[in-house]
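Take a look at the structure below.
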Amino acid sequence: MESLEIVANQMDTLLSTTLAIPCEIAHYIVVISALKKIWDAKKSRSQPMTTWAMTMLCCFGGTAVVNFLCGNPVLSSFTNNRSLLLASTIWWLTFYCPKALFSSVTEWMPVSVVLLVMKEIIRTRKIQKGIALSRPIYPSSFILCSILGMIGACGGGFIKTGALVLASPWDKETIKTFSFSTVTKTCLLFSVAYNLQIDELLQTNFKIIALCQASFLSAIVLSAKFGMPFNPYAAIEKLICSIFVDYEAFSGGEVAPKEKSKSKEKKATSNVVEKSTKDKKKE
């Protein structure tokens, strides 16, 4: 336990000093690179201001959404000139660098692995910041503070998803594509842990929670990067849903409509075959 505390303290110290700017840059690179992949190349060159505005929203969206929900000035998250300059520089390099040299370097496997790990390290601070902003506003609401901590860490993803929901028609096929990712669920879990620690219901150092969060999220993100995604919540989600939502699946009761139709079709075909064989015998 002492060695774990030493590692947690070292990570917290490095994140406050040496790794502060590199982790921030890694965050911008990963976010903007993901945004570029869903943008049409020709339109991105004809709409530079749109790409820049969306980039800033995704990079600083977590704090902006939390500020909005807490009644704080929304634009206060854009007041850091150094961060805006860094994000704008990486925006230009990612979208408009000649021959996509910058993207080819950042997408190289060893570099992308380092960037993903550094992004998950700085995500610990984003959850803590979301909680710090929400606790004074909602001191008696554990649930709201936990949700706002999660939003602080995943705000850019919520903004992109919200934009897609508003821009696309609401039908069955569209709704299927919107669901909480494993990263978002993990951020909610650790946001709960931070709030439990603040309320002194979890007797551990918040730095150890941050180390566990960075390690666990790095494992999840890197496994997806290497084509081996895993969802540690799949089994418990299936159990909970089978108990409280899908009663038939849990109790082995009624068959789903599709299975019913298939069984009816099988019975119908078997009846036809039996009739044909009987007619042949009579002949």
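Pick from segment 71-90 the residues that are of a type in the set (G, A, S) and part of a helix (DSSP H, G or I): which of them is nearest to A20 (Cα to Cα)?
S83
Would you mention how many residues in segment 187-208 are out of contact with any Ser or Thr (no Cβ under 7 Å at 6 or more places or on another chain) and free of Cβ contacts under 8 Å to residues at least 40 places away in the same chain?
8
Quick test for you: out of F60, F68, pick the one residue that is buried (at least 20 other Cβ atoms within 10 Å of the Cβ), assigned to a helix (DSSP H, G or I) and at pLDDT 90 or above.
F60
Being more than 22 Å from I209 (Cβ to Cβ), without any contact (Cβ under 8 Å) to a residue 40 or more places away in the chain and surrounded by 15 or more Cβ atoms within 10 Å (Cβ to Cβ) is the filter here, so list the residues in segment 98-148 that pass it.
A100, F102
What residue, of L196, L202, is open to solvent by 60 Å² or more (accessible area, probe 1.4 Å), of a type outside the set (S, T, N, Q) and either at pLDDT 85 or above or part of a loop (DSSP other than H, G, I, E, B) (or both)? Explain how you work it out, then say what you get.
On the way: L196 fails: open to solvent by 60 Å² or more (accessible area, probe 1.4 Å).
After applying the criteria, what remains is L202.
For segment 91-176, which fully contained helices (runs of 4 or more DSSP H) count at least 2 residues that are β-branched (V, I, T) and modelled with pLDDT of 90 or more?
In segment 91-176, 101-106, 109-134, 142-167 are the helices (runs of 4 or more DSSP H) which contain 2 or more residues that are β-branched (V, I, T) and modelled with pLDDT of 90 or more.
Out of (1) farther than 27 Å from F190 by Cα; (2) touching a helix residue (DSSP H, G or I) at 6+ places or on another chain (Cβ under 6 Å); (3) of a type in the set (V, I, T), the odd one out for T79 is which?
(2)
Would you mind telling me which numbered condition in (1) open to solvent by 30 Å² or more (accessible area, probe 1.4 Å); (2) touching a Gly at 6+ places or on another chain (Cβ under 9 Å) T184 fails?
Among (1) open to solvent by 30 Å² or more (accessible area, probe 1.4 Å); (2) touching a Gly at 6+ places or on another chain (Cβ under 9 Å), the lone unmet condition for T184 is (1).
The values are calculated or read from the model by the stated rules, or taken from the named source; none is laboratory data. This one's a predicted model, so the numbers in the text were calculated from it and none came from an experiment. Note that we place each Cβ from the backbone using ideal geometry, even for glycine, and neighbour counts take in every protein chain shown. Surface areas here come from the heavy atoms of the whole protein model, side chains and all, with no ligands, DNA or RNA. Shrake-Rupley method; radii C 1.70, N 1.55, O 1.52, S 1.80 Å.
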